[in-house]
Amino acid sequence: MASLGERLARLARQAGVRTAPPVGLEDAEVGVAMPESASDVPASPTLAERLDRMTRARESSRRKGLAEMVEATGAVLVADGLYVVESREPLPFRHGRVTIGPGLASRVSVPLRRGVSPLLSLDSLLFLDTETSGLAGGTGTFVFLLGLARYEGAALVVRQYFATQFAAEQGLLDALQSAVSACDCMVSFNGKSFDVPLLKTRYGLRGLAEPFGDKPHCDLLHAARRLLVDGWPDCRLRTTESRALGFDRVDDLPGSEVPAAWQRWLTHGDARAVPRILLHNREDLVSLAAIVGLLNSCEARAPLFGGMA
Amino acid sequence: MEHSGGGGADLFSDLGDAEGFSLRPSDADALADAFLRRYADRIVAERITPARPARHAEFPAGLDPCLAGALRERGISRLYSHQAECWDHVAAGRHVVVVTPTASGKTLCYNLPVIQSVLAGQGKALYLFPTKALAQDQVAEILELNAAGQLGIRAMTFDGDTPGDARRAVRTHGDIVVSNPDMLHQGILPHHTKWAQFFESLRYVVVDELHTYRGVFGSHVANVMRRLKRIAAFHGSHPQFILCSATIANPRELAERILGETVAEVSESGAPQGRRRLLVWNPPVVNADLGLRASARSQSTRIARASVKRGLETIVFANSRLEVEVITKYLKDTFDNDPRKPARVASYRGGYLPTERRDKERKLRAGRIDCVVSTSALELGVDIGTLDVCVLNGYPGTIAATQQRIGRAGRRQRTALGVLVCTSDLLDQYLARHPEALLDASPEHARIDPDQLLILMDHIRCAAFELPFEEGETFGSVPIGEALEYLGGQGVLHREGPRWHWIADSYPANAVGLRSIAEGNFLVVDITDGAKNIIAEVDYSAAAVTLYEGAIHLIQASPWQVEKLDWVGRKAYVRKVTADYYTDAIDYTKLKVLDEFETSGSGQGHCGQGEVHVVRRVAGYKKIRYYTHENVGYGNVNLPDLEMHTTAVWWTLTPEAIATAFTSRFEALDGFLGAAYALHHMAALLSLAELRDIGRSVGDGEAQWSATLDANGRVSARTLDGRPFEVDGAHQPFRPAVHLYDNYPGGIGISAPLYELRDQVHARAHELVSHCPCPSGCPACIGPVLPPEPGVQRTAKAAALAVLALLGADAQSQSAPRVH
């Protein structure tokens, strides 16, 4: 009798299903579990051993990857499997051609929706951006990185919560819960459609109440559409940064490549891309803060208020 | 061809005009009697089902007074017995399947307990219908009841047409959410946390039109139910299922297979039914030499015309959209030639816009249309009221579908008439000769195989996306440890401690269609004017034989030529052409029996069942000129082989029996091909399968050769490469066999029950061929064959009969007769 894998591969081929090659075939040991042809592989007495060896090899490469990640990012372990990377941008700082800091009032106008831009205290804003295992949404999408940023005194403080295991999600969600309840308003880019629904799903899956309630949420994607767009090809964050802030990323890991990079990290302990994921997320957050600054700066007031008239 | 009935037209108009517009509403009885007087030679059978009085039951004691009030308001003061019986099962906490004929008030069976529960604040319900149209009907019906009693029930549809901004309201406020399995699979379960409120209070799941969930679709739906129960349990609910089915042989078994749990059955309808008459009508022979009969279409049209002229509300079912359009046109020519008057004839098929469809249905219910011509679209429970006369233009393919369609005509007080008009197809002609096979047979078994490996794996993926699997968890009753390990190896799942998490960057439900076994339909793209318009979609399994480069692909009878086939991208680029020929793929099959599960003697041979490997190769195609059927050219095709492992049933004879009974091996092959054709059709008739669900091959079962008819109608044995295989070499063992295989990779469970039916299939096939009046073989017995050349010792039909006789039980004791 053929192995399940063998039978499946055969059936899938016959049914015309196009299957992607298994992830990580470059890892020679994965091949061990998938015999070439079941008929000429008798029930191997060494299979269990080989599987065991494979598991141990994987564990060790994951430990190694974790060490590399800590080394490269300065992450601090705060709970089982949950690491935090903290960084500060002392004010004033430059982002693209915009300088954030001088002249930034302690209360800023935050565009919540058309015609509604309340003045809120700068340090009560919570900038939020997540990185996920997939971009399709739904219950099978895991939030492995939660990036939060706040103005604290004279600096923009970025805290990134990195769940290196699924079990670490609880801690990540707890951190978010306290941050959200402590803030007056969340600021995101496309967070109303993507990040927040996904996070709600994660709370739901753990049987926890979601913390968002009717907390004000400024989605800068909508604000950019209303207030900034001027003949732009699209309204993505990259475009907004480039056009409005003059900020062009160098060696950015595109968002679409994040899930695959995370998978390599999770399954093979390949930590090479992790610093780039963290940097990508951090730059997203800093851009959010910068866009709010820009909207409140003199040169942007005209379109801001013009658009709201 | 309208007048091919030879005088029939006059007689028909005579029938209609005699009483057509008289004030006295003549009933279906008079029409049937008139038919029987005039056309005794065409009516091969009549079946009368006596009227059945209603059996009532009082409202159940605990029925909510508001609900009882709403029912009274709608004119319902008692229940039918089956509705009360269903209520009792539900009250006892049992899952229940209700089997009832059309228009017997089945919706109250589920609406009563559900509305009762909602009114008492005891839980919500999910209704699943196979089509969006039925879902909308159901909501309309609940809303009417709602309005009658001011019940305040919120019933809402949730499907692909529900606008984005309304979806949240459905999720949070819907008491009864009416959807379909596809939406549950792709839109609800993968987002179940958004539905948390709904799932937490989910008390009932209603599955209507259960009989449609069979074969591949049913196997998928059974897995969607496994996922639904898993998600409901996660949110703390264990809903009770109420299922409704049209008449099939095994409703309870099907319900239990779909649910994986014990289900109670209610099958005695308490609804009254008027008398029913069913006529089986065989069109008259118009050419006795060739055995040609008048077309079924012209006969159906006339029967409908006579019926409408007598003021009877009439429905005509046809088996293709094209037939529907043609019959509609013929009837409109008669009845709708005055544009100032509202139309009396309408057609109905799938694919209308919702508003257009509802408008037609409303006119039908209100009796403002006298005649509707429909595809199978009206077979399901769309409410169009009841009619007097139902004409079936051709056998629909199953007994269950026949009963469903006939059930469309059925008055409580008056007689209803059904007329099955036979076409010249094999099954139709078989039923014309053996009407008892239709009239006395129980309807078919609906079969599913929820554990079919490909289907199961699809849904394990989807389920893993919805919720991580725990170590040792089962899916339905299936242990899935090995499957999880496999998906782990594929990088789709990741194991952490005792739990398997989804890690792939994809949304697996989008890659799984419930109504087919694999994605990968081919799109037919028209590039005639430089644009790229998608004009059709073709199944993966049919693509190789219809979309090869050079193929003439017919869409609604106009020819398009395939210019380029992108096999990997699943696209065929076609251009509109004018061609006086069509193309026919030349394909070769090799079939190898891998494992014989069971075998038993069959005459001087045996019948077996087991696992087979089938490879089909399309090697080229012939160009065949219309009308003359001349072969006007060949083309080569270079496509990957179609390969599958599946299950099959086969019949074979001992080499000794063959050597004794046939003068040559080719003669024997002729016989096997003809026998295969008859066996194939009878197999489809006796199982619920459609013809295309079963593949047919004659060969050695060792993948060396298979038998085919060449363009000249001569039989040859060929290898997969198309090379002739020398079967006449005396040193070779010669063991041809008829193989009928389950035409889906992995099989969908057709073969095992077919094996159980082997004796019946054989006996019917034998009878079919021996009773066919044709001299030397025809499409109604052994398939299309050319007339025998002069001097041929034995016709293909005689050879097929010899094979079938040798396979027969009585052939065991005696040596087979040499038939000449």
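Say whether the condition of being free of Cβ contacts under 8 Å to residues at least 60 places away in the same chain and either in contact with a strand residue (DSSP E or B) (Cβ under 7 Å, 6 or more places away or on another chain) or surrounded by fewer than 13 Cβ atoms within 10 Å (Cβ to Cβ) (or both) is met by at least one residue in segment A:79-87. Scanning segment A:79-87, I find no residue that is free of Cβ contacts under 8 Å to residues at least 60 places away in the same chain and either in contact with a strand residue (DSSP E or B) (Cβ under 7 Å, 6 or more places away or on another chain) or surrounded by fewer than 13 Cβ atoms within 10 Å (Cβ to Cβ) (or both), so the answer is no.
Of the helices (runs of 4 or more DSSP H) lying entirely inside segment B:37-142, those containing at least 3 residues that are surrounded by 15 or more Cβ atoms within 10 Å (Cβ to Cβ), within 36 Å of the chain's Cα centre (by Cα) and among the aliphatic types (A, V, I, L, M) span B:106-119.
The set of residues in segment A:245-256 that are within 14 Å of another protein chain (Cβ to nearest Cβ) and either free of Cβ contacts under 8 Å to residues at least 12 places away in the same chain or loosely packed, with under 15 Cβ neighbours inside 10 Å (or both) comprises A:Pro254, A:Ser256.
Comparison of B:Val614, B:Val593 shows that the only residue that is crowded, with 17+ Cβ neighbours inside 10 Å, of a type in the set (A, V, I, L, M), under 26 Å from the mean Cα position of the chain (by Cα) and within 22 Å of B:Leu453 (Cα to Cα) is B:Val614.
Those strands (runs of 3 or more DSSP E) of segment B:636-718 in which 2 or more residues are aromatic (Phe, Trp, Tyr) and closer than 17 Å to B:Val803 by Cα occupy B:642-653. Taking the listed residues A:Ser242, A:Ser287, the one that is under 23 Å from A:Val84 (Cβ atoms) and more than 14 Å from every other protein chain (Cβ to nearest Cβ) is A:Ser287, with no other qualifying. B:Asn510 falls short on exactly one of the conditions (1) under 27 Å from A:Tyr203 (Cα atoms); (2) surrounded by 17 or more Cβ atoms within 10 Å (Cβ to Cβ); (3) within 9 Å of another protein chain (Cβ to nearest Cβ), and that condition is (2).
Confirm whether B:Asp159 is more than 18 Å from B:Glu73 (Cα to Cα), at pLDDT below 95, among the charged types (D, E, K, R) and in a loop (DSSP other than H, G, I, E, B). Considered against the rule, which asks whether it is more than 18 Å from B:Glu73 (Cα to Cα), at pLDDT below 95, among the charged types (D, E, K, R) and in a loop (DSSP other than H, G, I, E, B), B:Asp159 comes out as yes. Of all the residues in segment B:493-507, those that are more than 8 Å from every other protein chain (Cβ to nearest Cβ) and in contact with a strand residue (DSSP E or B) (Cβ under 7 Å, 6 or more places away or on another chain) number 3. Could you list all residues from segment B:349-380 that are under 23 Å from the mean Cα position of the chain (by Cα) and within 15 Å of B:Ala409 (Cβ to Cβ)? Selection gives B:Val372, B:Val373, B:Ser374, B:Leu378, B:Glu379.
Residues in segment B:260-281 that are part of a loop (DSSP other than H, G, I, E, B), buried (at least 20 other Cβ atoms within 10 Å of the Cβ) and not hydroxyl-bearing (Ser, Thr, Tyr): B:Val263, B:Gly270, B:Ala271, B:Gly274. Look at (1) modelled with pLDDT under 85; (2) closer than 30 Å to B:Leu801 by Cβ; (3) aromatic (Phe, Trp, Tyr) and you find that B:Tyr626 fails only one, number (2). On inspection, B:Gly105 qualifies as touching a helix residue (DSSP H, G or I) at 6+ places or on another chain (Cβ under 9 Å) and either touching a residue at least 60 places away in the same chain (Cβ under 8 Å) or of a type outside the set (A, V, I, L, M, F, W, C) (or both).
Looking across segment A:174-194 at every residue that is within 17 Å of A:Tyr161 (Cβ to Cβ) and touching an Asp or Glu at 6+ places or on another chain (Cβ under 7 Å), the one that is nearest to the other protein chains (Cβ to nearest Cβ) is identified as A:Gly191. Against the numbered list (1) farther than 27 Å from B:Gly62 by Cβ; (2) buried (at least 22 other Cβ atoms within 10 Å of the Cβ), B:Asp161 comes up short only at (2). Taking segment B:729-750 as the range and being under 13 Å from B:His680 (Cβ atoms) and of a type in the set (Ser, Thr, Tyr) as the test, only B:Tyr741 passes. Candidates in segment B:183-236 are the residues that are buried (at least 22 other Cβ atoms within 10 Å of the Cβ) and assigned to a loop (DSSP other than H, G, I, E, B); of these, the one that is modelled with the lowest pLDDT is B:Arg214.
Conditions tested, residue by residue: (1) in the same structural domain as B:Thr795 (by TED's automatic domain parsing); (2) of a type outside the set (A, V, I, L, M, F, W, C).
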| site | (1), (2) |
| --- | --- |
| B:Gly569 | no, yes |
| B:Leu591 | yes, no |
| B:Thr599 | yes, yes |
| B:Lys623 | yes, yes |
| B:Asn631 | yes, yes |
| B:Thr647 | yes, yes |
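Among the residues making up segment A:205-235, those that are of a type outside the set (Phe, Trp, Tyr), within 14 Å of chain B (Cβ to nearest Cβ) and free of Cβ contacts under 8 Å to residues at least 40 places away in the same chain are A:Arg206, A:Gly207, A:Leu208, A:Ala209, A:Glu210.
Yes or no, residue by residue, for (1) at pLDDT 95 or above; (2) in contact with a Ser or Thr (Cβ under 8 Å, 6 or more places away or on another chain):
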residue: B:Asp41; (1), (2): no, no
residue: B:Gly62; (1), (2): no, no
residue: B:Cys66; (1), (2): no, no
residue: B:Glu73; (1), (2): no, no
residue: B:Gly93; (1), (2): yes, no
residue: B:Val99; (1), (2): no, yes
residue: B:Ser104; (1), (2): no, yes
residue: B:Ser117; (1), (2): yes, no
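Of the residues examined, A:Asp234 is one that is modelled with pLDDT under 90 and either out of contact with any Gly (no Cβ under 8 Å at 6 or more places or on another chain) or not in a helix (DSSP H, G or I) (or both). Consider segment B:164-182 and keep the residues that are within 14 Å of chain A (Cβ to nearest Cβ) and of a type outside the set (Val, Ile, Thr). The one that is surrounded by the most Cβ atoms within 10 Å (Cβ to Cβ) is B:Arg171.
The values are calculated or read from the model by the stated rules, or taken from the named source; none is laboratory data. Model, not experiment: these values are computed from the prediction. Methodologically, a virtual Cβ is constructed for each residue, glycine included, from the backbone with ideal geometry; neighbour enumeration extends over all protein chains shown.
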